[in-house]
Amino acid sequence: MVIKQKLEKIKSGELSAEDNIKQFLDKIKAEDEKINSFIHVNENALEEAKAVDKKEKKGKLAGLAIAVKSCISVTDLPTTCAAKTLEDYKGTFDADVIEKIKAEDGIIIGMTNMDCFACGVSGESSMFGNTDNPKAPGHIPGGSSSGSAAAVAADFCDIALGTDTGGSIRNPASHCGIVGVKPSYGRVSRYGLVDMSMSLDQIGPLCKDVYGCALMMEIISGKSDYDGITFDKAVKDYSNFKEAKGLKIGISKDFEKLCTDERVQKLINEQIEKLAKATGSETKEISLKYVDLAIQAYYPIVYVEVFSGTRKFEGRKYGKKIEESCSEEVLRRILGGKEISKAEHDGAYYKKALLTKKLITQDFNKAFEDVDVILTPVVPRLPHKFGEKLSVNEMYAYDAFTSPANLAGICGASVPAGTIDNIPVGVQVLAPAFKEDVLFNVMNSLEE
């Protein structure tokens, strides 16, 4: 049942919020031990759903089950970041996005698994165990929003929240065959988020359909008094789709050369052709000459900001000392960030990465003068199997198509494109900053 139909049934009384939540709780109890998408299930969810049923006028989320990545603060629910560092810590307040969800009668069904402190691309670095891929068992679900994507794909919730620093929503959405959206930088408040990289992070939705993501974006977007990077830009009625006709669709050889599996690029090219034909649109070759430097720019920025942002986890105020209680990948980024920071008096790495970030932003701004959207693969290869050994460089290459959008601050999304060897593959849609309405219109056309 798609989100729009379910909401109509709940609001008409044909389906109760209580029944909606109960069926998810029963399914989680029966099946999630194998998938491990949740770290904690909200034991008050059923009572909260009953309270929604008693309301005469229900909100826009009217009893829908919302799963939340475990780095977003929810009052009295564990905010562990999938780390032993914070395994006993519970949220003391609601993040801005959670306040908005609760105000629209969404029910927080639980806190999802993730790569430890959001450092990872596979879902393998959680300190609460791996998350399996419900659509390709035995393969990684992608990360770092692994549990959120898996929970949606496994039908454990209606919509989930994830975070995207370099592809951490779009990557698992692609691998799990669902829809995932990274908002423009500054579109959604990060207040209440345990950030991984403050200059790149954004909270965004994952859902089985485009409508659910669009609806959630309407609710969580907007300027916040508590987050200085949010912009006072108009939030449109994203879920009221307009027909995408006569588009100029950008394609780039600069992106294509980053794809390591020809089958993935072939499938995406087929989707682009279908979209162009269905919408009476044209494709246009664009130059993005600096995107091949995205990974080299992205990781120095991330390393330094992970090092800076984790200094508060010193084991005195709350939790344990992070260096003694985190995953290998988190420790790699902390130590790397420390060394890069030491070298920074010469402008050796971080400042050069910021200059490259600026060049990538200029590249996209120039491209969007000629095209409405840009379409690419989400990831350059199929997800690997658990136990398969990949080098650090091979792991980081998963972000080759997605990290440029974070560096440029634009919005992007993953929409299911099909399967290869029965494994889901997503197509990435990129649109200019704060043009989420254009993004969703194209996503809707791809879905149809």
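Here are the numbers for the structure shown:
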read-out: Any hit, the stretch 32-42, residues being out of contact with any His (no Cβ under 7 Å at 6 or more places or on another chain) and either among the hydroxyl-bearing types (Ser, Thr, Tyr) or at pLDDT below 95 (or both); value: yes
read-out: Only listed residue being at pLDDT 95 or above and out of contact with any Ser or Thr (no Cβ under 7 Å at 6 or more places or on another chain), chosen from 321, 342, 389, 338; value: 321
read-out: Any pair with Cβ under 7 angstrom, 6 or more apart, that starts in the stretch 333-346 at a residue that is surrounded by 14 or more Cβ atoms within 10 Å (Cβ to Cβ) and ends at one that is among the charged types (D, E, K, R) and at pLDDT 95 or above; value: 334/323
read-out: Answer residue from the stretch 193-228, given it is of a type in the set (Gly, Ala, Ser) and touching a helix residue (DSSP H, G or I) at 6+ places or on another chain (Cβ under 6 Å) and is nearest to residue 168 (Cα to Cα) among those; value: 197
read-out: First in the stretch 402-414 and farther than 21 Å from residue 233 by Cβ, second anywhere and basic (Lys, Arg), Cβ under 8 Å, 6 or more apart; value: 402/170; 402/182; 414/170
read-out: Enumeration of residues in the stretch 80-115 that are without any contact (Cβ under 8 Å) to a residue 60 or more places away in the chain, touching a helix residue (DSSP H, G or I) at 6+ places or on another chain (Cβ under 7 Å) and among the basic types (Lys, Arg); value: none
read-out: Test result for residue 273, outside any loop (DSSP other than H, G, I, E, B), of a type in the set (Asp, Glu) and closer than 22 Å to residue 251 by Cα; value: yes
read-out: Total residues in the stretch 197-214, condition over 13 Å from the mean Cα position of the chain (by Cα), among the hydrophobic types (A, V, I, L, M, F, W, C) and crowded, with 24+ Cβ neighbours inside 10 Å; value: 2
read-out: Selection within the stretch 363-410 - over 21 Å from residue 422 (Cβ atoms), β-branched (Val, Ile, Thr) and assigned to a loop (DSSP other than H, G, I, E, B); value: 371, 402, 410
read-out: Out of 303, 349, 298, sole residue that is within 24 Å of residue 258 (Cβ to Cβ), surrounded by 22 or more Cβ atoms within 10 Å (Cβ to Cβ) and modelled with pLDDT under 95; value: 349
read-out: Contacts under 7 angstrom Cβ, first residue in the stretch 259-286 being under 15 Å from residue 419 (Cα atoms), partner part of a helix (DSSP H, G or I), 6 or more apart; value: 265/256; 271/446
read-out: Yes/no for residue 118 being under 16 Å from the mean Cα position of the chain (by Cα), among the hydrophobic types (A, V, I, L, M, F, W, C), closer than 15 Å to residue 160 by Cβ and modelled with pLDDT of 95 or more; value: yes
read-out: One residue from 437, 421 being in contact (Cβ under 8 Å) with a residue 60 or more places away in the chain, out of contact with any helix residue (DSSP H, G or I) (no Cβ under 6 Å at 6 or more places or on another chain) and charged (D, E, K, R); value: 437
read-out: Residues located in the stretch 78-132, provided they are closer than 18 Å to residue 320 by Cβ, surrounded by 24 or more Cβ atoms within 10 Å (Cβ to Cβ) and touching a Pro at 6+ places or on another chain (Cβ under 6 Å); value: none
read-out: Hits in the stretch 415-424 (condition: assigned to a strand (DSSP E or B), farther than 27 Å from residue 235 by Cβ and not β-branched (Val, Ile, Thr)); value: 417, 418, 424
read-out: Tally of residues being in a helix (DSSP H, G or I) and touching a helix residue (DSSP H, G or I) at 6+ places or on another chain (Cβ under 6 Å) across the stretch 296-328; value: 9
read-out: Every residue from the stretch 162-200 that is under 14 Å from residue 81 (Cβ atoms), among the aliphatic types (A, V, I, L, M) and not in a loop (DSSP other than H, G, I, E, B); value: 193
read-out: The stretch 8-38 - residue that is in contact (Cβ under 8 Å) with a residue 12 or more places away in the chain and in a loop (DSSP other than H, G, I, E, B) and, of those, surrounded by the fewest Cβ atoms within 10 Å (Cβ to Cβ); value: 16
read-out: The stretch 269-313: number of residues that are among the aliphatic types (A, V, I, L, M) and out of contact with any Ser or Thr (no Cβ under 7 Å at 6 or more places or on another chain); value: 1
read-out: Matching residues in the stretch 67-77 - criterion: being in a strand (DSSP E or B) and crowded, with 24+ Cβ neighbours inside 10 Å; value: 67, 68, 69, 72
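Quick grid of which residues meet (1) out of contact with any strand residue (DSSP E or B) (no Cβ under 9 Å at 6 or more places or on another chain); (2) touching a residue at least 40 places away in the same chain (Cβ under 8 Å):
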site	(1), (2)
6	yes, yes
40	no, yes
52	no, yes
78	no, no
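The values are calculated or read from the model by the stated rules, or taken from the named source; none is laboratory data. Keep in mind that this is a model prediction, so the values were computed, not measured. Neighbour counts run over all protein chains shown; Cβ positions are idealised from the backbone, glycine included.
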